[in-house]
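The values are calculated or read from the model by the stated rules, or taken from the named source; none is laboratory data. Values in this document were obtained by computation on a predicted structure and should not be read as measured data. Quick reminder, even Gly has a Cβ in these numbers, built from the backbone with ideal geometry, and neighbours come from all protein chains shown. Remember, those area values only see protein heavy atoms, side chains included, never the ligands or the DNA or RNA. Shrake-Rupley method; radii C 1.70, N 1.55, O 1.52, S 1.80 Å.
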Amino acid sequence: MKALGIINFSGHHIRVEGMQDYRPIGAFSFLGRYRAIDFPISNMSNSGIDQIQVYVNQKPRSLAEHLGTGRHYNINSKRGKLQLLFSENGAENSLYDTDIAAYIENMECIEHSTCPYVVIAPSYMIYAQDFHDVIKTHIESGADISLLYHSVDNAKEAFLNCDVLNLNKQKGVLSIEKNRGTAKNRTIFMDTYVMKRELFIELVYKAKKLSSMYTLPQIINVECDELDVRGISHRGYFATITDLKSYFDANLALMDFKNVQSLFNEDWPIYTKTNDSCPTQYFDTADVKRSIVCNGCLIEGTVENSVIGRGCIIKKGAVVKNCVLLSETEVGEDVYLENQVVDKHARIIHAKEIIAQSEKPGYIRREDTI
């Protein structure tokens with residue numbers, strides 16, 4: 001069944017301090033090799049969805065650069081199309097800067113599509129899902145709207161600010177509310193929707209009429225009594241990037257091979273823009289364990305339980321433990337780093353010890369010299 005794929009930006013209730021000053025969450029480096037946006041686009045491409053719209057509302061440069069023509073996502077080159085659509089609704093963190101405002105602004109592109117269904121997914125969640133199966137389940141159930149959810153048992157301390165679905169015994173959605181950390185077992189809404197395109201357009205206009213600040217989850221919550229809204233359960237690896245700690249945790253959780261197998265599958269490739277660079281060089285003094293190290297690095301020191309991006313330099317005597325290093329960073333001689341997210345092109349050469357707690361990881365800014 002033909003569907004239009006829409007990838008949405010994160011709402012203004014989500015903020016990753018520091019990192020988001022330079023790029024949208026969809027452009028965040030993930031596991032050194034990927035960007036967060038690669039996961040929803042690959043899910044759509046693998047599911048046979050080849051009309052994909054990516055919405056961006058702030059700092060679009062790095063995302064536009066990464067997406068390019070979209071050819072690396074294996075989208076049908078004759079029929080398929082990857083569109084980057086902009087929404088310019090005022091200042092950063094503006095209450096009017098909503099997904100509904102972005103859809104209204106680009107309504108011509110949505111109405112121009114001939115696909116009978118839409119699949120909407122977020123750019124700030126990491127998971128693998130066959131949307132072909134979701135559309136099939138949606139059609140067979142006869143529901144007006146289907147929402148994807150993931151059941152968790154740690155909602156008191158994680159997934160805060162995400163939406164939660166309140167379901168009845170038949171998986172009908174009674175309401176959508178924010179996770180305020182009041183209960184540990186919750187069904188986290190994955191910000192992923194399937195519905196007919198006409199209904200989606202109708203809801204967008206209805207939301208605009210009701211309030212200039214309405215978002216898509218809010219209008220669906222209002223319509224829960226009138227429409228047949230159902231939940232569809234997701235299984236497998238699931239992570240959200242809603243703040244610095246969740247970004248840090250999502251990367252380091254994939255040091256566990258079980259999680260890797262749950263996210264990556266030979267039959268379900270995650271596509272990304274490839275960079276040609278030479279292999280990483282490990283010197284005699286290097287000691288690397290339980291880590292993901294990308295190409296082009298020079299490693300003389302110790303690396304443990306960390307993600308090391310492309311082209312990083314870790315000098316002799318340096319120790320990098322439980323860290324996420326973005327590309328082209330340098331860790332000087334005898335420097336000790338623990339529980340840090342180090343942004344691109346940062347150099348830690350003078351400070352000899354930077355340690356944070358894993359519950360509150362530290363952040364070293366892009367291009368800083370410390």
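Cross-link candidates for Lys360: which lysines have Cα within less than 21 Å, leaving aside residues fewer than 8 places away along the same chain?
Hits, sequence-local ones excluded: Lys156, Lys184, Lys245, Lys321, Lys344, Lys352.
May I ask you to list the chymotrypsin sites (Phe, Trp or Tyr not before Pro) in the stretch 265-370 that are in a DSSP loop and have at most 16 other Cβ atoms within 10 Å of their Cβ?
Details: sites: Tyr271, Tyr282, Phe283, Tyr336, Tyr363; in loops: Tyr271, Phe283.
Passing sites in the stretch 265-370 are Phe283.
Tell me the volume per residue, in Å³, of the convex hull enclosing the alpha carbons of the stretch 299-370.
Numbers: hull volume 4.4 nm³, N = 72.
So the per-residue hull volume is 61 Å³.
Output the peptides 285-295, 242-252, 105-115, 56-66 sorted from most to least packed, where packing is the average of other Cβ atoms within 10 Å over each peptide's residues.
Values: 285-295: 16.1, 242-252: 21.4, 105-115: 13.8, 56-66: 17.8.
So the peptides 285-295, 242-252, 105-115, 56-66, ranked by packing, come out 242-252, 56-66, 285-295, 105-115.
Cβ under 9 Å from Val320's Cβ, Val320 left aside: what net charge do those residues give with Lys, Arg +1 and Asp, Glu -1? All intermediate terms of the calculation are to be shown ahead of the outcome.
Values: positive: Lys321; negative: Glu304, Glu338.
Result for the local shell: -1.
Within 10 Å, count the other beta carbons around each residue, average over each peptide in 209-218, 317-326, and list them highest first.
Numbers: 209-218: 16.3, 317-326: 23.3.
Highest mean packing first, the order is 317-326, 209-218.
If contacts are Cα pairs under 8 angstrom and at least 6 residues apart, what is the relative contact order of the chain in percent? Walk me through the numbers before you get to the answer.
Working: 851 pairs, mean separation 56.0, N = 370.
Result for the chain is 15 percent.
Rounded to whole Å, give me the distance from the Cα center of the stretch 334-370 to that of the stretch 110-175.
37
Where in the stretch 203-280 are there GluC sites (Glu not before Pro) that are in a DSSP coil and have at most 11 other Cβ atoms within 10 angstrom of their Cβ?
Working: sites: Glu223, Glu226, Glu266; in loops: Glu226, Glu266.
Passing sites in the stretch 203-280 are Glu226, Glu266.
Over all alpha-carbon pairs of the stretch 165-254, lay out the pair-distance distribution in 5 Å bins, whole %, shortest bin first.
Histogram of Cα-Cα distances, whole percents per bin: 2, 11, 19, 21, 19, 13, 10, 4, 1.
Tell me the relative contact order for the stretch 249-341 as a rounded percent, counting alpha carbon contacts under 8 Å between residues six or more apart. Can you show the working numbers first?
Details: 203 pairs, mean separation 18.1, N = 93.
Across the stretch 249-341, relative contact order equals 19 percent.
Starting from a Cα-only point model with no solvent, please compute log10 I(q)/I(0) by Debye for the chain at q = 0.07, 0.12, 0.14 1/Å.
Rounded to two decimals, the profile gives -0.31, -0.90, -1.19.
For the stretch 42-173, what does the relative contact order come out to in percent, with C-alpha contacts under 8 Å and a separation of six or more? All intermediate terms of the calculation are to be shown ahead of the outcome.
Details: 86 pairs, mean separation 30.0, N = 132.
Computed over the stretch 42-173, the figure is 23 percent.
Would you calculate, for the chain, the mean residue ellipticity at 222 nm contributed by helices, counting each DSSP H stretch of 4 or more residues as -39,500 (n - 2.57) and dividing by all residues, to the nearest 500? Numbers along the way, then the final one.
Numbers: 9 runs with 78 residues, N = 370.
Calculated at 222 nm, the ellipticity per residue is -6000 deg cm²/dmol.
For the chain, give the magnitude of the charge dipole about the Cα centre (Cβ charges: +1 Lys/Arg, -1 Asp/Glu; no others), in debye to the nearest 20. Mind showing how you got there, number by number?
Working: 41 positive and 47 negative charges, 58 e Å.
Magnitude of the dipole: close to 280 debye.
Per the Cauchy relation, a quarter of the hull surface: what is the mean projected area of the convex hull of the alpha carbons in the stretch 229-288, in nm²?
Result: 7.8 nm².
Carbon-plus-sulfur fraction of the accessible area of the chain, 1.4 Å probe, in percent?
Carbon-and-sulfur percentage of accessible area, whole number: 46.
To the nearest 20 Debye, how big is the dipole of the stretch 212-370 about its Cα centre, given +1 on the beta carbon of each Lys and Arg and -1 on that of each Asp and Glu?
Details: 17 positive and 24 negative charges, 62 e Å.
Around 300 debye, computed over the stretch 212-370.
How big is the stretch 93-136 by Rg and Dmax over its Cα atoms, in Å?
That works out to 13.6, 37 Å for Rg and Dmax.
Please list the radius of gyration and Dmax for the stretch 14-121, considering alpha-carbon atoms only, with Å as the unit.
In order Rg, Dmax, the Cα atoms of the stretch 14-121 give 14.3, 40 Å.
With bins 10 Å wide starting at 0, give me the P(r) of the stretch 73-222 over every alpha carbon pair, in whole percents.
Pair shares across the bins are 9, 35, 38, 16, 1.
Provide the packing ranking of 172-179, 127-134, 353-360, 7-14, i.e. peptides ordered by the mean count of other C-beta atoms within 10 Å per residue, highest first. Numbers along the way, then the final one.
Working: 172-179: 16.8, 127-134: 18.9, 353-360: 12.1, 7-14: 20.6.
Per-residue mean Cβ counts within 10 Å order the peptides as 7-14, 127-134, 172-179, 353-360.
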